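J.: This is the structure, below, for whatever I ask next.
Rule-based calculations on the coordinates, nothing more; no lab input. This one's a predicted model, so the numbers in the text were calculated from it and none came from an experiment. Because the Cβ atoms are built from the backbone with ideal geometry, glycine has one as well, and the counts that use them run over all protein chains shown.
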Amino acid sequence: MKRHFLIVVIVWIFVAPPAIHAQDPFAAPPGGADPFGGGDAFGAAPMPAGDAPFGAPAAAADASGAPEIEPLPDPLVLELQRYSQGDNQELALAIRGAVQISDWNQVAAFLDILNAKPLSDADAAVVANTIRANYLLRIQQHPELSDAQRAVIGKVIAGARKYAEDRNRIGTQIKRLESTSPGERLDAISQLRSGGLAAVAELAAAYVSDPPLVARPQLLDVLGQFDDQGPLALRQFALYGKAAARGHALQALVALDVSGSMPDLVSAYHGENANETERSAAEKGFAAAGLRGIPSSREAEIYLSQRLQRAIDLASRATNDGRLQRIWQLDEAQKALQWQDVPQHVALAREAADAATRYRRLKDSDPEAQVAAELADLSYRLMTNPYYGSEADFAIRYGKQGPSQDQIVQLQKTLAAATQQRNEYAAIAAIRLLKQTATSKLMLSNGAAPTLLVETTMHSTPRVRYEAGIAAAEINYRGGYSGSSDLLHRWLEMSALKRRPTALILEARKHLTRDKLSWLESLGYDVEVVGSVADLLRRIEAGGDIQLLLATSQPYDRQITETVDLIRRRPLGGEFPILIYCQPSKTLWDEDLREPILDRSEKIIVDVAGSESAIAAAEEPNETGLPRVRRTEIYQDTSLGERFRALRARHAVQEERIRIQQSLGVRWPAPLAVVEEITSPQGLGQMIRDLNSSLPMPAMTSNERRLYVDAAMVALARVANPDEPNNPYDFRSHEQELTSAIQAGGFSTEGLTLLSTLGTPNSQLTLANLVDSMLLPLSVRQAAAQAFAASVQRFGTRIDRESVARQYERYNAAAEDSDRAALGVILDAMEQRANATSR
């Protein structure tokens, strides 16, 4: 039975598929008709040919009868809007939530609500902490928000920072460190950490105070959580604090940063004014650092002097590249710390000044190192206070009794070292302090060589030589001395300074100066073009605030390297930046690339004979060792010839630049750059900024130039007395220069007095013409009339008869009483001198 069943199953497997296919209920009948009445199993209509598988949607019978369905509002947005109507914290939560879902319309609406609320610093701190820093940054940088809406976030951040840095609040948090509740102590630490640098300053002040606000170990634990800022702040107390504060600061430095505080420990142990607390802390620091013993005084002197010299070298090499660095400083009361982000070169100067303070604490020190310490200290003081060197600064530095003779000599040595090392800050500070001594020894030398102060009036930097000129004028030594003519030239140079700085262009080809001249003028320079090196040297000797020389690489009367050497060797040409440009021109390649010659085969034959050219350099040398001259054949193709010319000229320019750079090298420390070509004012401006960044001091401003002009007029008026027997200054031979300078200065009172003192026909005629000039203010004209009267009373009437008659004509033609009164002063002065009257 089972065998028969198996046979039936096998037969069914082979027979079933054809049987099932034959009985397909959806198959078309033999006649081809659809059993469902159409071509589709689900309807009478066949499948449409378009993309819609079920056909196009049926049109509505009446559009006005079907109401539109509005989308439901987002529940999250509704919840955020509800939160925005609450207090400040809830509004901040709404702003944060809207930023998280990137709904910037809601963010803008919430910011408008926040802007309408008056926020205290505490409220701003709550809002800022709730929104969180990353979302505050996103809001400030989002472009779809208005400036006013972004400004709201700026106010919130500023208020939160002010609240976090509030000194009273930080003091309260410091006192909470002694709480018996661990949670309160942790909260106090968190609040202090949010206070940032303000908390560091208060913690350091609390640590060194006697007695401290809380236990010193607790303060030290919190200070250690601020990375390197704690030791940096404490180091100021160790250097400049009171005696007790210095000892406590050293104890903290031993615990926080013993290796970085080794200079402070050495200086404190061997310091002349060190106390027992400092020495004890230094001994513990030496032991903690693993030293075998205590450094001797000689070892301390060598160690600190090397540290000082290294700091000075770093400060001298620093450039003003815009990078910032944080410094700490103690106030005058030696109680509170302040921090400030300053340019990096200022921060390095501060480190050098700190190194100088450590060195000067030693009992025995080397004289040269003392000069270096003085130089570092003065440099930093002038960097932070451009007016340092006043009478008050002099009294603070040397006391009421003033400096001793040894201190004056030390100051002169510092000035000499500053000029030698191109430290203009220290030079100016030393000059101003020497000026306060008012000793004639600064002017009078025992030989033909001038004194250091007079010699400094020939310094290559305008600011330094002008300060020396002002100091010499205020000392007011009236006897003869070596260098008096140079000093007079310096005052005349100062009086002729212009409102804008001067830029010189060395270029004989006028068509190459047009663009550069206009570009420099647009950058704020008064531009002067000189065609030869000889004219350039004469212009540099005339002085002025020359801040740039733009020179061609091919002056026709000198080689450019020789030109640079001549400029830098001039007393007034050693510091201003020089920018040398190499421009393609025929003179660069006409010796190497001769004009194309057409031979009989109608090919262009070109001589490539230049030993400096890239093409000839690839040639094999001949018997003499020089590059072989080859004749390059180029088919007559104008475009190919032009490309060859351009390529050859470009190679020549590159070779010229490289040759000049290699020749000049680092021969001179003053800024110099060689470029291939200047093609735009933007490029020229960037080149000038790069050069100026390496200057020892920033360029002189227009306000400084105005102050120096006024100071020169005062100096000239003070020393101008041609009739004085021992007067070393020949003013009358420079009358034209003085008159031009007085006119450029706006006819100040000092300038009019100077014209009156000259007593020459031209000076009296100039004063008389000023009185009649209706373009000038009445006060200036009246002052000119008084100056004319004083000159006539002293020297007599020096103008000719025609000029005298012209004054009467002006008086008779004057319509205003004020004009007649001013002109009447002139007539009365002349008549009184001649014992005559016009009445």
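J.: Hey, got the dipole for segment 219-335? About the Cα centre, +1 on K and R Cβ, -1 on D and E Cβ, debye to the nearest 20?
T.: The dipole magnitude comes to about 140 debye.
J.: Using Cα positions and a limit of under 27 Å, work out the lysines in reach of Lys175, with same-chain residues fewer than 8 apart set aside.
T.: Lys162, Lys242, Lys335
J.: Hey, which lysines would be in cross-link range of Lys498, C-alpha to C-alpha under 28 Å, not counting anything within fewer than 8 residues on its own chain?
T.: Of all the lysines, those that pass the test against Lys498 - Cα under 28 Å, at least 8 places apart if same chain - are Lys435, Lys510, Lys516.
J.: I've got another one for you. May I ask you to derive the relative contact order of segment 75-164, considering only C-alpha pairs under 8 Å and at least 6 residues apart, and to give it as an integer percent?
T.: About 30 percent, as a whole number.
J.: Run the numbers on segment 493-549 and let me know its relative contact order in percent, using alpha-carbon pairs under 8 Å that are six or more apart.
T.: 52 percent
J.: Along segment 657-665, what does the Karplus equation 6.51 cos²θ - 1.76 cosθ + 1.60 (θ = phi - 60°) give for ³J(HN,Hα), rounded to whole Hz, x for Gly and Pro?
T.: 4, 5, 5, 5, 5, 5, 6, 7, x
J.: For Arg833, Arg323, what's the fewest-to-most ordering of other Cβ within 10 Å of each Cβ?
T.: Arg323, Arg833
J.: I'm a student and want to see the number: the projected area of the Cα convex hull of segment 75-164, averaged over all directions, in nm².
T.: Its Cα hull, projected and averaged over all orientations, spans 4.9 nm².
J.: For Lys155, list the lysines whose Cα falls under 21 Å from its own Cα; do not include residues on the same chain fewer than 8 positions away.
T.: Lys155 reaches Lys117.
J.: Continuing with the same structure: If we count other beta carbons within 10 Å of each Cβ, what is the order of Met687, Met443, fewest first?
T.: Met687, Met443
J.: Grab the beta carbon distance between Asp166 and Gln334, set R0 = 30 Å, and tell me the FRET efficiency rounded to 0.05.
T.: 0.85
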